[in-house]
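The values are calculated or read from the model by the stated rules, or taken from the named source; none is laboratory data. Source: prediction; values computed, not measured. Quick reminder, even Gly has a Cβ in these numbers, built from the backbone with ideal geometry, and neighbours come from all protein chains shown. These area figures cover heavy atoms from the full protein model, side chains too; ligands, DNA and RNA do not enter into them. Shrake-Rupley method; radii C 1.70, N 1.55, O 1.52, S 1.80 Å.
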Amino acid sequence: MGDASAAELYQIIQQLAADRSRFETILRQLPLAVIVADAPDGRVVLQNEHAERILRHTFSDDWHVDSYRSYQGYRNGGSPLEPDEWPLSRALKLGEVVEAEEIDVIRGDGSHVTIRVNSAPLREAGGAITGAVVVFDDVTAGRRNEAALAFLTRASELLSASLDYETTLANVVDLIVPGLADWCVVDIVDDVGAIRRLAMKHRDPSFEPLLVELEEQYPHEPGAATPPMSVIRSGEPTFHPTVAAEGVERAARGERHRELLRLLDIRSYICVPLIARSRSLGAISFVYSSSGRVFEPDDLALARELAGRVAVAIDNSRLFASESAVAAENARLYRESQSAEARYRGLIDYAGDTILVSDDEGRFLDVNPAASELLGYSRAELLTMGIADLTALGSAWTAGEFDKFMAQGYWTGELDLRRKDGAIVPVEAKATVVSLGADAVYLSVIRDISHRRETELMQREFMTIVTHDLKSPLTSIKGFAQLMQRRRMYSDAAVNAIVGQSQHLERLINDLLDAARLEAGRSELRREQVDLTALARTVAGYSQALTRGHVIRVELPAGELRGHWDGDRVSQVIQNLLSNAISYSPAGGDIVVTVGESSASGGRREAFVAIQDSGIGIPPSALERIFERFYRHDSEHSGSRGLGLGLYISRSLVEAHGGRITVSSEPGSGSTFRFTLPVEG
């Protein structure tokens, strides 16, 4: 092989190295957590910052799938994952494709996170597994909301179970520890204004004598600036995710007090007031200590909601006790008010989820405002309907699933509901039986998962890109290079194919890189004075050189049309639209590029570029999604092999300039893409 061919192969190798570097840059900037491992040992060759941020762990150079032995992960049922049961291991060793699997993981800092995972093997042309990729995101917040709603429902049942609020509060504290705190105390303001400890519990019973001694020997001072007194006086909560040892030391009133506080080991602290009818009745203190857990803002919101319900129970009980002359009537009213509280307070809060209450025939007894927002029906309309009127899967499926619910007392799963306007919305639903004294109602909590479905679809599309679209040109390049290597002969055809495939790969990688930058908000415009007339003429000339079956005509104004724009980015938009026109005009024909100036609203000047082709056109169903990321209107006549990013990038760049982009088309009659740019002055 001659010197010239060796130099060309060296340039190709350098280009492949640069392409790999750019591909790695894309993966690192994606808004999804990504890990890529090599076969057969599963050594991790790439992971992005999003993965490290979710797992709070930095991957070492020698990390491989057997390192899962040092990780703790659990299925939804609570059973631990063995090293070869993690999705990445299964994809690598078994060739398994894993979709939307949820795992509870103990992160590098000891905290918990719930992730939804997709994983798939990477294969070479012959089918052998060469590696695996895993993509995941953090769904902890949604799971926390579900747990919070279940907790509040159970707490409401306890608070409405008895007229003796001291007994019911003790039961609520049993619910709080250890679910929401390592230890908890409830302090109440009595009739003469003194503070009295009403309930307390520690997850370790051996520590409860310390709490008793703390209360007896060091009662709360009325004028103290520390909680709970300050919380009771101000009516505002105190939230300390991390409690400094110095602060605990300063609060000590003596050596024994200091020793008690050290033994109780306060590491994270929340204190919320008990307020009813604008009066502060007391406070609840939540503490994390030896478990190592810390409170988060969502925990504060849950604590405040719980405190509101406790305060109502205390206030209602006191009102009942103060009206002994009409005790029987008040008892009835109290039971009714508490039943209503348990029923309605469980309906109205948390995350805007749709909540439906039905009878044993599936007819709705009550709904919350989120139900009307999700389904498009008014509350009055929904109260004349039942679950069978909303499900999109048919009456037979609905009846069967409702029978299962009635038999088991609970139901969980995903289904499609039909809105009033006929649109289908995918939802995740959990249903359970709520006892209201001698009666029972059926409570359903429904969450719109349209965004989650879109995220999962985006993940699957990305997996397709990684495993196919970017793999195909690499396979071709490798094949032609090996052919020349085996024959020890330079081939113009092979080198041209390698260069062509490298250019195609470069276009794909550039599109992915631009999309990642736009998604992360890192794409900056370098504005300068640009003549749009000259720019359009130049880009049209480049595009004409790439096609023999089309004639690209330009219709330009007589003089210059200048504006303060990023010339490279505007060129990229015009090039994308021309490439699109060429791809979707397989029979050839004219493509017309028109540049001009018009007036926008308010008399503002704007320039426009219109690109018209005579190709196959775009169906109405595709017009609505044509500018979406990864959307490809693939036609058997188009020959398009892009990633579905060109129009998405074009729209983003035009909008970054303050302009807009539109398309008009009819199948069989061609398409016209038009974008505008503001002109200063």
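Numbers at a glance
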| quantity | calculated |
| --- | --- |
| Residue ID - nearest to VAL530 (Cα to Cα), chosen from residues in the stretch 661-677 that are surrounded by 16 or more Cβ atoms within 10 Å (Cβ to Cβ) and of a type outside the set (Val, Ile, Thr) | LEU677 |
| Candidate set from the stretch 552-568 (those that are at pLDDT 90 or above and charged (D, E, K, R)); member that is least open to solvent (accessible area, probe 1.4 Å) | ASP566 |
| Meets criteria (modelled with pLDDT under 95 and open to solvent by 10 Å² or more (accessible area, probe 1.4 Å)) for SER543 | no |
| Odd one out for VAL113 among (1) over 19 Å from GLY179 (Cα atoms); (2) part of a strand (DSSP E or B) | (1) |
| Lone qualifier among VAL539, VAL573, VAL609 - being assigned to a strand (DSSP E or B) and not hydroxyl-bearing (Ser, Thr, Tyr) | VAL609 |
| Given (1) open to solvent by less than 50 Å² (accessible area, probe 1.4 Å); (2) at pLDDT 65 or above; (3) over 30 Å from GLU246 (Cα atoms); (4) of a type in the set (A, V, I, L, M, F, W, C), index of the condition LEU302 fails | (3) |
| In the stretch 55-93, the residues that are within 13 Å of GLY42 (Cα to Cα) and acidic (Asp, Glu) | ASP61, ASP62, ASP66, ASP84 |
| Every residue from the stretch 529-540 that is surrounded by fewer than 17 Cβ atoms within 10 Å (Cβ to Cβ) and either hydroxyl-bearing (Ser, Thr, Tyr) or more than 43 Å from the chain's Cα centre (by Cα) (or both) | ALA534, ARG537, THR538 |
| Residue count, the stretch 152-188 (criterion: touching a Gly at 6+ places or on another chain (Cβ under 7 Å) and under 27 Å from ASP439 (Cβ atoms)) | 3 |
| Only listed residue being modelled with pLDDT under 90, open to solvent by less than 30 Å² (accessible area, probe 1.4 Å) and assigned to a loop (DSSP other than H, G, I, E, B), chosen from ALA224, ALA181 | ALA224 |
| Matching entry among ASP109, ASP138 (being modelled with pLDDT under 90, within 21 Å of PHE462 (Cβ to Cβ) and among the acidic types (Asp, Glu)) | ASP138 |
| Residue under evaluation LEU264, criteria (1) over 30 Å from GLY142 (Cβ atoms); (2) modelled with pLDDT of 85 or more; (3) open to solvent by 70 Å² or more (accessible area, probe 1.4 Å), criterion not met | (3) |
| In the stretch 577-629, residue least open to solvent (accessible area, probe 1.4 Å) [restricted to those that are free of Cβ contacts under 8 Å to residues at least 12 places away in the same chain and on the phi < 0 side of the Ramachandran plot] | ALA622 |
| Members of the stretch 75-87 that are within 21 Å of the chain's Cα centre (by Cα) and either open to solvent by less than 40 Å² (accessible area, probe 1.4 Å) or over 29 Å from VAL294 (Cβ atoms) (or both) | PRO87 |
| Filtered residue count, the stretch 343-362, keeping only those that are modelled with pLDDT of 80 or more and over 16 Å from ALA429 (Cα atoms) | 3 |
| When residues of the stretch 369-393 are limited to those that are touching a strand residue (DSSP E or B) at 6+ places or on another chain (Cβ under 9 Å) and of a type in the set (Asp, Glu), the one most open to solvent (accessible area, probe 1.4 Å) | GLU373 |
| Within the stretch 121-133, considering residues that are open to solvent by 10 Å² or more (accessible area, probe 1.4 Å) and outside any loop (DSSP other than H, G, I, E, B), the one farthest from VAL65 (Cα to Cα) | ARG123 |
| Residues within the stretch 29-86 that are assigned to a helix (DSSP H, G or I) and without any contact (Cβ under 8 Å) to a residue 24 or more places away in the chain, tallied | 11 |
| Hits in the stretch 394-405 (condition: farther than 21 Å from ARG447 by Cβ and either open to solvent by less than 60 Å² (accessible area, probe 1.4 Å) or at pLDDT 90 or above (or both)) | GLY394, ALA399, GLY400 |
| Filter result for PHE286 (closer than 30 Å to ILE106 by Cα, open to solvent by less than 30 Å² (accessible area, probe 1.4 Å), outside any strand (DSSP E or B) and in contact (Cβ under 8 Å) with a residue 40 or more places away in the chain) | no |
| Of all residues making up the stretch 585-613, the number that are under 21 Å from GLY668 (Cα atoms), hydrophobic (A, V, I, L, M, F, W, C) and at pLDDT below 90 | 1 |
| Index of the failed condition, ALA558 passing every other in (1) within 23 Å of ILE618 (Cα to Cα); (2) without any contact (Cβ under 8 Å) to a residue 12 or more places away in the chain | (1) |
| Among residues of the stretch 141-155, those that are at pLDDT below 80 and open to solvent by less than 50 Å² (accessible area, probe 1.4 Å), counted | 5 |
| Failed condition for THR412, given (1) exposed (fewer than 15 other Cβ atoms within 10 Å of the Cβ); (2) more than 27 Å from ALA147 (Cα to Cα) | (2) |
| Restricting the stretch 234-260 to residues that are surrounded by 15 or more Cβ atoms within 10 Å (Cβ to Cβ) and within 40 Å of the chain's Cα centre (by Cα), the residue that is farthest from LEU302 (Cα to Cα) | VAL248 |
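Residue by residue, here is whether (1) open to solvent by 20 Å² or more (accessible area, probe 1.4 Å); (2) more than 30 Å from PRO369 (Cα to Cα); (3) at pLDDT below 75 holds:
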| site | (1), (2), (3) |
| --- | --- |
| ALA440 | yes, no, no |
| ARG453 | yes, no, no |
| GLN459 | no, yes, yes |
| THR467 | yes, yes, yes |
| LYS471 | yes, yes, yes |
| THR475 | yes, yes, no |
| LYS478 | yes, yes, no |
| GLN482 | yes, yes, no |
